[in-house]
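The values are calculated or read from the model by the stated rules, or taken from the named source; none is laboratory data. For clarity, every value in this text was computed on a predicted model and none was experimentally measured. Cβ placement follows ideal geometry from the backbone for every residue including glycine, while neighbour counts extend to all protein chains displayed. To get the accessible areas, we keep the full protein, side chains included, count just its heavy atoms, and leave off ligands, DNA and RNA. Shrake-Rupley method; radii C 1.70, N 1.55, O 1.52, S 1.80 Å.
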Amino acid sequence: MHMLAALDLATGKLYYRIRPRKRRREFLDLLKALRARWPGRKLYVVLDNFFPHKHAEARAWTAGSDVQLVFLPTYGSWLNWIEAEFAALRYFALNGTDHRSHSEQNAAIAAHVRWRNARAEPKTAFAPDSSIRSWTKYPARAD
């Protein structure tokens, strides 16, 4: 079983799907679901370099759908904000468990996602008080 997920930075909510396989078809289905959730807005999807993310079919669909795929550097998946969410999910829903079935495991994942989404907050600034911000040229936020 594989989990495909997206993190909405504006709300802090996690959207996911669990599928038996993780191929270009499942990835494209997730992109289409995200497009349907936010119609009429440009979507930026931050990704690692997993082959299905770069498949020609996915690239062709995104080109005509106002979706931009943003690829992280090789071995840079830790730069993706969603990785922290995956770590929390593993810690709270999967570590130390012995689920008897995929259904039971999926229910534990769903319960955790419902719990965290009920407490979600927008991801508006990373380290807003960091001294790094004083010597870098980050654009000012328009709140």
Item to check | Length released on extending from residue 91 to residue 57, taking residue separation times 0.36 nm less the Cα-Cα span | outcome: 8.8 nm
Checklist outcome for this item: Sorted list, accessible surface of protein heavy atoms, 1.4 Å probe, largest first, for 115, 38, 78 is 78, 115, 38
Next on the checklist: Starting from the 7 Å offset along Cα-to-Cβ, what nm value, one decimal, do you get for the label separation of residue 80 and residue 115?
Outcome noted: 2.4 nm
Checklist entry - How many lysine pairs are close in the chain, with Cα atoms under 21 Å apart and the two 8 or more places apart or on different chains? => result 10
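About its Cα centre, what dipole magnitude does the stretch 7-107 give when the only charges are +1 on Lys and Arg Cβ and -1 on Asp and Glu Cβ, stated in debye to the nearest 20?
Working: 17 positive and 10 negative charges, 84 e Å.
Result for the stretch 7-107 is approximately 400 debye, rounded to the nearest 20.
With a cut-off of 8 Å between alpha carbons and a minimum separation of six or more residues, what is the relative contact order of the stretch 1-58 in percent? Could you put the intermediate results ahead of the total?
On the way: 50 pairs, mean separation 17.1, N = 58.
Worked out over the stretch 1-58, it gives 30 percent.
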Checklist entry - So what does residue 16 come to for accessible area, using a 1.4 Å probe and Å² rounded to 10? => result 70 Å²
Checklist entry - Regarding the chain, what whole-number volume in Å³ per residue does the convex hull of its Cα atoms give? => result 153 Å³
Next on the checklist: Relative contact order of the chain, please, whole-number percent, based on alpha carbon pairs below 8 angstrom and at least 6 residues apart.
Outcome noted: 26 percent
Item to check | Solvent-accessible area, 1.4 Å probe, carbon plus sulfur percent, for the stretch 1-112 | outcome: 53 percent
Checklist entry - residue 90 accessible area, nearest 10 Å², 1.4 Å probe? => result 110 Å²
